[in-house]
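Engineer: Take a look at the following structure, please.
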2 protein chains.
Amino acid sequence: MFNVAILGFGTVGSGVYEVIKENNALLKQKTGEDIAVKKILDIRDFPDSEWESLVVHDIKEIIEDNDIDAVVETMGGTSPAFEFVRDALLSGKHVTTSNKALVAAHGTELLKIAKEKNVNFFFEASVGGGIPIIRTLTESYAGEHFKEITGILNGTTNYILTKMDAEGEDFEKALSTAQELGYAERNPEADVQGHDTCRKIAILASLATGKEVNFEEIYTEGITKIDTTDFEYAKYMKLSIKLFGDSKFEDGMVYAFVAPVMVERDHPLYMVNDVFNGIMVEGNMLGKSMLYGSGAGKLPTASAVVADIIAITKNKDKNIPFGWVNEKQAVADMSETSHKYFVRFKGKDTQFINKCKETFKDAKEVYLDGKDEFALVTGLMKEKDFLMDLNNLGSVIKYIRTKIA
Amino acid sequence: MFNVAILGFGTVGSGVYEVIKENNALLKQKTGEDIAVKKILDIRDFPDSEWESLVVHDIKEIIEDNDIDAVVETMGGTSPAFEFVRDALLSGKHVTTSNKALVAAHGTELLKIAKEKNVNFFFEASVGGGIPIIRTLTESYAGEHFKEITGILNGTTNYILTKMDAEGEDFEKALSTAQELGYAERNPEADVQGHDTCRKIAILASLATGKEVNFEEIYTEGITKIDTTDFEYAKYMKLSIKLFGDSKFEDGMVYAFVAPVMVERDHPLYMVNDVFNGIMVEGNMLGKSMLYGSGAGKLPTASAVVADIIAITKNKDKNIPFGWVNEKQAVADMSETSHKYFVRFKGKDTQFINKCKETFKDAKEVYLDGKDEFALVTGLMKEKDFLMDLNNLGSVIKYIRTKIA
């Protein structure tokens, strides 16, 4: 018998219970172990549910239970999740978590404890839900020098942007549809402001470099200012607008950001729509590859947690090294990153247009019928140079970075 | 020192040499081992090359060398590759191969020997080149009951079909371009007749079921009969034509085939163009996911081999079970599979068209200007019923299966 305890019986936690129950015979066949949920920590009682008898309210009942082999943390947040996970590891239990906030804030610290106690701390479900990006980066692509990892890492914002693109809805309308369908929370800030994506790209960039990329150092811009006119321009140029978490690796430096970007059709992530996620990885030998799937949702995320449980059963007496150490990774300031920019300017004054064209010599102009404005798509420029030019010109409505080859 | 021998110094073999050399410091950091190529088996001598001194012509010099820890088999074909790999495993060496013919024909037998000798037989590079599909199926998705695995698994044919689609070229022209660019071999039969794809989908279906799917039982149709008119219809219907290796899993039965299919834009594999490969996996908990990348090519394939070498260094004293056993998996006859069919009929006789519409009640008609023919897209039907109907109707130009929801 391999006993598991689940901390937090919300969407993902109850999904883990369901996957373990539903695919139990298969799990036994694959691992040789009878995997069972022995305890569930939650503040609720769940009277008359089939798991009622498993519920406990005190973490000690799990930490001090020597029959529990592994702990699944699906509470979210950093406290008390951090303390609970730390104590579970210290008590010699393996842990898997779906909690990106926890991994982004305390990943290396928890990996260190796991190593000392010769157990495993896994977190496949913390990024990309059912997309096996963590195991792919750390195992399948272990021999690669990474050049870029970039992804659509948040299903809520991708759903909103897909609706805006396909149906011409404005942000508020698309958000409220997403909320009605349960794709966005009532307080959607963590998603729409890009904070969720920021933690996820920080984790991926950390694994790519093997060092700590502090998510607080990653420039983060949400999608709340994207409007229907932006999508009209995008459509005219055969582009779409997606929220990217992006990281490039060059000469020991990480260039990372979270922001809406205009994407062209040839980009592997262009076709990632609705609540799906996609992650593109470029390695020095591998070239470009892409993983696509359900980035969130009860069962896909639970499936990733269960994959970790399977890996734990196969490595019960051994700590699997992640090659991610407690050493600070330098992150370049956003002003040092380079992009091709889409910029909207007020008015259609010929003299001003000419001045803009002189400033951005290799820019392409874009005009939409019936709008008292115009737009440019610049060549590749450093953000600090671009912003200085914009500042000198004035009359800027907004700019959006692009992913155009 | 962790010593590797490479069998066959062609495209992939020399790529493995290059990746080990180029990313050597990284490999040491990730594995703690100094990985080196100690010997290379080839019929050639490579005078004046930097690896000249490593070349041997007799497999015994490798099998009997106790300093060699792992053998990389990149010769291709089943003989003598099978005998060489078998003997390497029997001598207690780990093996990784990029050879799908070997894995499809002898996979379980070699896994059994590896298990008995407590070494590993890995084959990540045998399917999908740089796409980590083997490890994803056997580790990340180990807890899934699979519903479908379907893929664009051959870069040569995908390049040809992409050219035909984008530029209206006929098959012969696109093939000769592919040959000029080195994407197709001078004798392209294994690719264009679908045999390469057949072996790959057999391996994936085997891993999904954990049993032996005999590739000889998988219906296999190539792309040589696809013509420019097919693509005109496809374009008109906003579809593309791709060569799929497809496998569905239902009630213990595998429904598998290799054939060109008409794919709609919403399908995750629609955007897989040029020499790229893509594999879609649907699991009972996971939902749909997709992996995309370079399916062939020197360095991407070599990168997958090196990922196996890394895994071997981490599991030097331990056989990793694959859950793939020497037990026959039942494969349904093609006549039992179900599809929506695109069918072209000669002429435009109203009476005949009506007869066709009566036969295929839920079919949609398609007419192209200036053609003395018409087409139907049927509803979902069993292949044997479809073929019986076609036989009764006559006047068939051709049919193509579709992937339309």
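Engineer: Quick check on A:K357: is it within 11 Å of chain B (Cβ to nearest Cβ) and free of Cβ contacts under 8 Å to residues at least 24 places away in the same chain?
Structural biologist: No, not satisfied.
Engineer: Restricting to the range B:300-327, what's the tally of residues that are in a loop (DSSP other than H, G, I, E, B), touching a helix residue (DSSP H, G or I) at 6+ places or on another chain (Cβ under 9 Å), more than 7 Å from chain A (Cβ to nearest Cβ) and not hydrophobic (A, V, I, L, M, F, W, C)?
Structural biologist: Total satisfying the criteria: 4.
Engineer: Count, please, the residues in the range B:339-365 that happen to be under 32 Å from the mean Cα position of the chain (by Cα) and of a type in the set (V, I, T).
Structural biologist: 1
Engineer: Within 29 Å of A:F215 (Cα to Cα), of a type in the set (D, E) and either buried (at least 21 other Cβ atoms within 10 Å of the Cβ) or within 14 Å of chain B (Cβ to nearest Cβ) (or both): does that describe A:E33?
Structural biologist: Values: within 29 Å of A:F215 (Cα to Cα): no; of a type in the set (D, E): yes; either buried (at least 21 other Cβ atoms within 10 Å of the Cβ) or within 14 Å of chain B (Cβ to nearest Cβ) (or both): yes.
So A:E33 does not fit the description; no.
Engineer: Within the range B:346-367, how many residues turn out to be within 21 Å of B:D385 (Cβ to Cβ) and basic (K, R)?
Structural biologist: Residues in the range B:346-367 being within 21 Å of B:D385 (Cβ to Cβ) and basic (K, R): 4 in total.
Engineer: Taking B:I223, is it in contact (Cβ under 8 Å) with a residue 12 or more places away in the chain, more than 14 Å from every other protein chain (Cβ to nearest Cβ) and part of a loop (DSSP other than H, G, I, E, B)?
Structural biologist: yes
Engineer: Testing B:R344 on (1) facing chain A (nearest Cβ under 10 Å); (2) surrounded by 15 or more Cβ atoms within 10 Å (Cβ to Cβ), one condition comes back false. Which one is that?
Structural biologist: (1)
Engineer: Right, here's the next one. Just a yes or no: is a residue in the range A:285-299 assigned to a strand (DSSP E or B), surrounded by fewer than 24 Cβ atoms within 10 Å (Cβ to Cβ), in contact (Cβ under 8 Å) with a residue 40 or more places away in the chain and hydrophobic (A, V, I, L, M, F, W, C)?
Structural biologist: No, the conditions are met nowhere in the range A:285-299.
Engineer: Sort out which residues of the range A:286-307 are closer than 23 Å to B:G295 by Cα, touching an Asp or Glu at 6+ places or on another chain (Cβ under 7 Å) and not aliphatic (A, V, I, L, M), and write them in order of number.
Structural biologist: A:K288
Engineer: Now a separate question. Among the residues of the range A:132-148, count how many are under 12 Å from the mean Cα position of the chain (by Cα) and over 25 Å from B:E144 (Cβ atoms).
Structural biologist: Residues in the range A:132-148 being under 12 Å from the mean Cα position of the chain (by Cα) and over 25 Å from B:E144 (Cβ atoms): 0 in total.
Engineer: Part of a helix (DSSP H, G or I), over 20 Å from the mean Cα position of the chain (by Cα) and touching a residue at least 12 places away in the same chain (Cβ under 8 Å) - does that describe any residue in the range B:241-256? Even if it seems obvious, please write down each step before you answer.
Structural biologist: Going through the range B:241-256, the residues part of a helix (DSSP H, G or I) turn out to be none.
Checking the range B:241-256: not a single residue is part of a helix (DSSP H, G or I), over 20 Å from the mean Cα position of the chain (by Cα) and touching a residue at least 12 places away in the same chain (Cβ under 8 Å).
Engineer: Among the residues of the range B:177-186, count how many are surrounded by fewer than 21 Cβ atoms within 10 Å (Cβ to Cβ) and part of a loop (DSSP other than H, G, I, E, B).
Structural biologist: Qualifying residue count, the range B:177-186: 4.
Engineer: Something else about it: If the Cβ limit is 7 Å and pairs must be 6+ apart or interchain, which residue in the range B:44-65 that is within 15 Å of B:G10 (Cα to Cα) pairs with which residue that is among the β-branched types (V, I, T) and in a loop (DSSP other than H, G, I, E, B)?
Structural biologist: B:H57/B:I43
Engineer: Still on this model: What do you reckon, is A:P268 part of a loop (DSSP other than H, G, I, E, B) and either without any contact (Cβ under 8 Å) to a residue 24 or more places away in the chain or among the charged types (D, E, K, R) (or both)? Explain how you work it out, then say what you get.
Structural biologist: Working: part of a loop (DSSP other than H, G, I, E, B): yes; either without any contact (Cβ under 8 Å) to a residue 24 or more places away in the chain or among the charged types (D, E, K, R) (or both): yes.
The answer is yes for A:P268.
Engineer: Separate question: Please enumerate the residues belonging to the range A:183-205 that are of a type in the set (G, A, S) and modelled with pLDDT of 95 or more.
Structural biologist: A:G194, A:A202, A:A205
Engineer: Among (1) more than 14 Å from chain A (Cβ to nearest Cβ); (2) surrounded by fewer than 24 Cβ atoms within 10 Å (Cβ to Cβ); (3) under 30 Å from B:F374 (Cβ atoms), where does B:M253 come up short?
Structural biologist: Going through (1) more than 14 Å from chain A (Cβ to nearest Cβ); (2) surrounded by fewer than 24 Cβ atoms within 10 Å (Cβ to Cβ); (3) under 30 Å from B:F374 (Cβ atoms) one by one, B:M253 breaks only (3).
Engineer: Away from chain A (no Cβ under 14 Å), at pLDDT 95 or above and either surrounded by fewer than 18 Cβ atoms within 10 Å (Cβ to Cβ) or outside any loop (DSSP other than H, G, I, E, B) (or both), is that true of B:F9?
Structural biologist: Here the answer is no, as B:F9 does not meet what is asked.
The values are calculated or read from the model by the stated rules, or taken from the named source; none is laboratory data. Just so you know, these numbers come straight off a predicted model, no measurement behind them. All Cβ positions, even for glycine, are placed from backbone atoms using ideal geometry, and neighbour counts span all protein chains on display.
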